[in-house]
Amino acid sequence: MAAPLRIGGPALAALLPDIRTLPGPVYAALARALTALVLDGRVAIETRLPSERDLATALRVSRATVTSAYDQLRADGFLDSRIGSGSFVTVPAGSTPNNVVARWTTRAPAPGDVIDLSCATLPAPPSVIEPAVAAAAGRLPSHLLGDGYDPAGLPALREAVAARFAGRGIPTRADQVLVTNGALHGVDLLLRLVIGPGDRVVTELPSYPGALDAVRAHGGRIVPVPMHPHGGWQVDQLQATLRQTSARLAYLTPDHHNPTGALVGDDDRRTVLRAARRTGTTVVVDESFVDLGFAGSATPAAAIDPGVVTIGSLSKPVWGGLRIGWLRASADLVARLAALRTSIDMCGAVLDQLVATEILADLDAVAAARRADLLPRRDALLAAVTAELPDWRVDVVPQGGLSMWAQLPAPLSTPLALLAGQAGVVLVPGSRFGVDGTLERFVRLPFAQPADRLHEAVRRIAGVWQQLAAGAGTDGVDLASRRLVVA
Ligand SMILES: Cc1ncc(COP(=O)(O)O)c(C=O)c1O
């Protein structure tokens, strides 16, 4: 049997927010914060928690406080204590645990009138997918004569993606393109190939949780560099971090950063890419949101440094359900990734790639329509936050993408998310976008929904925020009645 996962007192304490600043009794705040770590996937199911004494020492609270918090977790179904063995993280009976990198989130128990702000993603645009599927079906018969296995992707789609890069000033041949099942698949494949256990990977802070999880899953050590509070990179810090850590990889999203929506300017790109070249760090630029910019665009990173690995996807400008993305790199790296893929998922589906090839021909028009829809939604969300939550701040007005990053006047993002769920709004706490238990002062607000729904969501959030800010209410969170699903 595998040795149980365990976490020590200091390591667990490092993941927790300052529980003394949270409202209500300290033991209840500790129980809620521990629950949030489990729900966030930051402490995996089956992990053995430290003894009450060790955690009390690490947190500098009384042992009785930890005992009461553990009692609460047990009562809520999040802790299973076995005499002589210790206390193990679990989830309430009836939940559906699934994976190793336990990504848990709360969803409202019943559909009802729930506004889901947990995902920065859009439904499919009207009249785009169906005609593409029909045209693709017409092209399918000629492919049926072959074996259908093409680990690097269908030649026609690779050509179309390469032509798009070339059109943006990045000369690209088809053999420099790997077609993937979405952007995250590209990130994962690259991590598998390039990093080994303990290798450092520089990321922005905050950053896209899926990529952070992927780095962790491959044993990488994340070195987060905070974004500038008013948007974009903190170039000095990024340069210094690259220099000091000799990181193997840097995962960056300058073309509309998730979650802030910032666009990084040309000078900053040049400086950071030069620094990475000097330290031999492979830079991966995730361009998932590149087509969703409201204020123009910047020079693509790969046009500045052809050594940059670029990841793209149809998920954000078109539809996540297509599961089509790509990775642009040297032909040699693409060939190695394609070879690696044959032992993982072999290749993408031919029909899906034919559909994507059709859509790519019209991508500019589809993306323009998306931007025209999104800009007023961004403005509506900003206006609603200003009106309903006057003590919150949005210091970076998103220049693109699908979300904004709001700062709360207190580190209450996790209790806010828990209470918002009860008020019919699914929110992801800011800490999910970080690595060290910080970012509790922030919450990501996607503006992918129509303006009236965004306004309603903010109105509901403002209602629970008033309770929280008044120091009441969090003890009323009924964790036991929640169904948990995998995000
Ligand atoms: C920056 C970033 N990269 C990748 C993804 C996942 O994209 P895909 O659906 O293409 O795998 C997301 C989704 O939210 C994202 O925000």
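Here are a few things to note about the model shown:
- Each DSSP beta bridge with both residues in the range 180-256 is either parallel or antiparallel, and the antiparallel ones are about 10%.
- Extension gain (nm, one decimal) between Asp391 and Arg82, 0.36 nm per residue minus Cα-Cα: 106.7 nm
- Euclidean distance between Cα centres, the range 288-308 to the range 326-401, Å: 12 Å
- Helix 363-388 axis, angle to the chain major axis (alpha carbon atoms, nearest 10°): 20 degrees
- The label-point distance for Asp452 and Arg6, in a model that sets each label 7 Å from Cα toward Cβ, rounds to 5.8 nm.
- The helix-based estimate of mean residue ellipticity at 222 nm for the chain, built from -39,500 (n - 2.57) per DSSP H run of four or more residues and divided by its residue count, is -13000 deg cm²/dmol to the nearest 500.
- Taking the C-alpha atoms only, the angle from helix 63-76 to the longest principal axis of the chain is near 60 degrees.
- Subtracting the Cα-Cα distance of Ala217 and Leu145 from their residue separation scaled by 0.36 nm leaves 22.1 nm.
- Percent of beta bridges antiparallel (DSSP, the chain, rounded to nearest 5): 60 percent
- Calculated FRET efficiency, Asp266 to Ser330, Cβ-Cβ distance, R0 = 22 Å: about 0.40 to the nearest 0.05.
- Dipole magnitude of the chain about its Cα centre (Cβ charges: Lys, Arg +1; Asp, Glu -1), debye to nearest 20: 1000 debye
- Solvent exposure of the chain, expressed per residue, is 41 Å² of accessible area, with all protein chains present and a 1.4 angstrom probe.
- Beta-bridge orientation, the range 252-374: approximately 55 percent antiparallel, per DSSP, counting only bridges with both partners inside.
- Of the solvent-accessible surface of the chain, computed with a 1.4 Å probe over protein heavy atoms with every protein chain present, carbon and sulfur atoms account for 54 percent.
- Near Pro197: Cβ cut-off under 13 Å, other residues only, Lys/Arg at +1 and Asp/Glu at -1. The net charge is +4.
- Once the Cα atoms are used to define both axes, helix 26-39 deviates from the longest principal axis of the chain by about 30 degrees.
The values are calculated or read from the model by the stated rules, or taken from the named source; none is laboratory data. The structure presented is a predicted model; accordingly, all values stated were derived computationally and were not measured. Cβ: placed from backbone, ideal geometry, glycine included. Neighbour counts: every protein chain shown. Heavy atoms of the whole protein, side chains included, go into the accessibility calculation; ligands, DNA and RNA do not. Shrake-Rupley method; radii C 1.70, N 1.55, O 1.52, S 1.80 Å.
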